[in-house]
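Working notes, beginning with the structure itself.
The values are calculated or read from the model by the stated rules, or taken from the named source; none is laboratory data. Fair warning: this is a prediction, and the values are worked out from it, not measured in the lab. Here Cβ is always computed from backbone atoms with ideal geometry, including for glycine, and neighbour counts include all displayed protein chains.
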Amino acid sequence: MITDAEHLASWVGRLVRIPSVNPQHAGPRSGPGGEEQYAQALAGWFRELGADTVELHEIEPGRPNVYGIWEGRTDRWLVLDSHTDTVTVEHCTGDPFDGRIADGRVYGRGAVDTKASMGTMLAVLEAARAEGLAPRHNLVLVGTVSEEAGGLIGAEGFRTWAEARGLRPTDLIVAEPTMCAPIYGHKGGVSFDVEITGASAHSATPHLGRNAITAAAHLVVALDEEHRRLQTLDADTEVGRGTLTVTLVNGGTGGNVVPDRCTLTVGRRVVPFEDNEVVAAELAALIERSCPLPVTFTRTYLGTGAFYQSPDSELVRRIADWAGSTPEVAPYGTNALRYHGFAENMVVFGPGSIDDAHKAVEFVTLDELARCADVFTRWIEPTERSR
Ligand SMILES: [Zn+2]
């Protein structure tokens with residue numbers, strides 16, 4: 001079975017040429033409709049490449065996931081989830097959607113994050129089909145919306161869809177650029193929006209008011225101290241320690257008015273074996289205790305726990321073996337956060353480097369595509385078609 005690098009690259013280029021910027025990202029070239037066009041195109045290719053079932057699953061109006069199922073001859077269910085959205089292109093130099101192939105690379109938005117994995121799998125299936133072969137195991141290709149922004153609702157939707165059908169993945173690969181290393185863990189998160197309420201007054205007589213920004217300052221310092229305390233704890237796993245950061249502050253109405261209101265966004269990354277509900281409850285108590293003025297929680301996002309499994313688990317070992325790579329943990333989060341307890345084995349895996357994602361010039365190398373094609377081929381084990 002031949003999947004030469006040019007064949008792989010041409011598939012990735014084809015996917016890059018369908019813009020699918022997340023509609024919540026900035027700029028005139030962001031959605032709506034990009035994810036949908038890409039999903040429609042994938043549905044067409046899934047059919048051409050012999051999928052037994054192809055389905056679009058609307059997650060939000062105009063934002064469908066796409067699923068393709070190839071029925072195999074075993075009872076194993078292999079699932080590849082490759083998100084269909086990309087980040088914004090407003091900071092790109094050149095045409096971000098030309099998908100050109102040059103210098104041993106495919107260029108363009110989504111080339112590495114994360115159309116490379118889907119393109120590689122389609123090329124592998126095409127090469128197999130040309131030789132009368134099809135995946136030995138049941139294979140589900142999943143294109144999910146809304147990974148780059150909007151709360152991983154695509155992954156959530158796919159899980160609900162699969163569970164309603166009694167589909168339990170044996171192996172689940174969440175596609176992200178990992179330099180073909182199987183990622184076996186990363187942090188989860190909890191976050192809050194809080195509003196501090198004071199009382200306004202003329203700034204010449206601040207003692208007549210209660211300054212919400214000053215109260216927020218006390219709270220920010222207390223949260224920073226808590227972050228530093230977390231860094232002194234022993235890390236239970238390679239994923240490391242929990243972190244705590246304030247990311248947004250908003251307050252004040254005029255240069256001569258004591259502010260009666262200030263809002264903060266607080267994010268806490270959670271590590272394996274931490275319970276999100278416990279973390280959130282403790283953090284909420286700390287916020288109330290540390291703020292000298294009344295606090296209201298305007299949004300509580302319980303998120304999900306960290307993704308973690310043993311680096312010795314079966315799929316992790318097999319992929320590391322096939323790719324000649326070493327199992328790793330990741331500093332970033334992925335769709336794996338929505339799949340806790342869903343699949344028997346799960347890894348985050350894909351060609352190319354996260355260092356080349358989200359940049360003004362994005363690319364994936366042909367070498368990495370070839371390495372990934374090898375892993376996918378061994379994973380799906382193309383065999384003589386029965387029909
Ligand atoms: Zn990605």
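For PRO135, the criteria (1) surrounded by fewer than 24 Cβ atoms within 10 Å (Cβ to Cβ); (2) at pLDDT 95 or above hold in every case but one, which is (1).
Got a number for residues in the stretch 51-89 being touching a strand residue (DSSP E or B) at 6+ places or on another chain (Cβ under 9 Å), away from the ligand (no atom under 16 Å from the Cβ) and in contact (Cβ under 8 Å) with a residue 40 or more places away in the chain? Can you show your working first?
Of the stretch 51-89, the ones touching a strand residue (DSSP E or B) at 6+ places or on another chain (Cβ under 9 Å) are 51-59, 64-89.
Then keep just the ones that are away from the ligand (no atom under 16 Å from the Cβ); that gives 51-59, 64, 66-79.
Keeping just the survivors that are in contact (Cβ under 8 Å) with a residue 40 or more places away in the chain gives 51, 57, 59, 64, 66-79.
Total meeting the criteria: 18.
Quick one: what pairs do we get from the stretch 319-335, first residue closer than 15 Å to ASP171 by Cβ, second among the charged types (D, E, K, R) and part of a helix (DSSP H, G or I), C-beta under 7 Å, 6+ apart or different chains? Taking only residues 6 or more apart or on different chains, the pairs are TRP322/ASP374; TRP322/ARG378; ALA323/ARG371.
Scanning the stretch 1-55 for residues that are β-branched (Val, Ile, Thr) and either over 15 Å from ALA127 (Cβ atoms) or assigned to a loop (DSSP other than H, G, I, E, B) (or both) yields ILE2, THR3, VAL16, ILE18, VAL21, THR53, VAL54. Against the test of being touching a helix residue (DSSP H, G or I) at 6+ places or on another chain (Cβ under 8 Å) and surrounded by 17 or more Cβ atoms within 10 Å (Cβ to Cβ), the options VAL348, VAL271 yield a single qualifying residue, VAL348. Only one of the numbered conditions (1) assigned to a strand (DSSP E or B); (2) exposed (fewer than 14 other Cβ atoms within 10 Å of the Cβ); (3) among the small types (Gly, Ala, Ser) is not met by GLY303, and that is (2).
Considering the stretch 166-204, and only residues there that are free of Cβ contacts under 8 Å to residues at least 60 places away in the same chain and small (Gly, Ala, Ser), the residue that is surrounded by the fewest Cβ atoms within 10 Å (Cβ to Cβ) turns out to be GLY166. A residue that is of a type in the set (Gly, Ala, Ser) and either within 13 Å of the ligand (Cβ to nearest atom) or farther than 24 Å from VAL364 by Cβ (or both) occurs somewhere in the stretch 168-176.
Taken over the stretch 1-29, the residue count meeting the criterion of being modelled with pLDDT under 80 and either crowded, with 19+ Cβ neighbours inside 10 Å or small (Gly, Ala, Ser) (or both) is 3. Considering VAL124, VAL142, VAL106, the condition of being under 22 Å from ARG29 (Cβ atoms), crowded, with 24+ Cβ neighbours inside 10 Å and in contact (Cβ under 8 Å) with a residue 12 or more places away in the chain is satisfied by VAL106 alone.
Filter the stretch 152-165 down to residues that are touching a residue at least 24 places away in the same chain (Cβ under 8 Å), of a type in the set (Gly, Ala, Ser) and surrounded by fewer than 23 Cβ atoms within 10 Å (Cβ to Cβ) and give me whichever is farthest from the ligand (Cβ to nearest atom). Before the answer, list the steps.
So the first thing to find is which residues in the stretch 152-165 are touching a residue at least 24 places away in the same chain (Cβ under 8 Å), and the list is 152-159, 161-163.
After this cut, where a residue has to be of a type in the set (Gly, Ala, Ser) as well, the list is 154-155, 157, 162.
After this cut, where a residue has to be surrounded by fewer than 23 Cβ atoms within 10 Å (Cβ to Cβ) as well, the list is 157, 162.
Numbers: GLY157: 17, ALA162: 20 Å.
Among residues in the stretch 152-165 that are touching a residue at least 24 places away in the same chain (Cβ under 8 Å), of a type in the set (Gly, Ala, Ser) and surrounded by fewer than 23 Cβ atoms within 10 Å (Cβ to Cβ), the one farthest from the ligand (Cβ to nearest atom) is ALA162.
Quick test for you: out of GLY44, GLY94, pick the one residue that is of a type in the set (Gly, Ala, Ser) and on the phi > 0 side of the Ramachandran plot. So the residue among GLY44, GLY94 that is of a type in the set (Gly, Ala, Ser) and on the phi > 0 side of the Ramachandran plot is GLY94. Going by the structure shown, is GLY34 of a type outside the set (D, E, K, R), over 12 Å from ALA116 (Cα atoms) and loosely packed, with under 14 Cβ neighbours inside 10 Å? So GLY34 does not fit the description; no. Take VAL66 and decide whether it is modelled with pLDDT of 95 or more, of a type in the set (A, V, I, L, M) and over 26 Å from PRO28 (Cβ atoms). Considered against the rule, which asks whether it is modelled with pLDDT of 95 or more, of a type in the set (A, V, I, L, M) and over 26 Å from PRO28 (Cβ atoms), VAL66 comes out as no.
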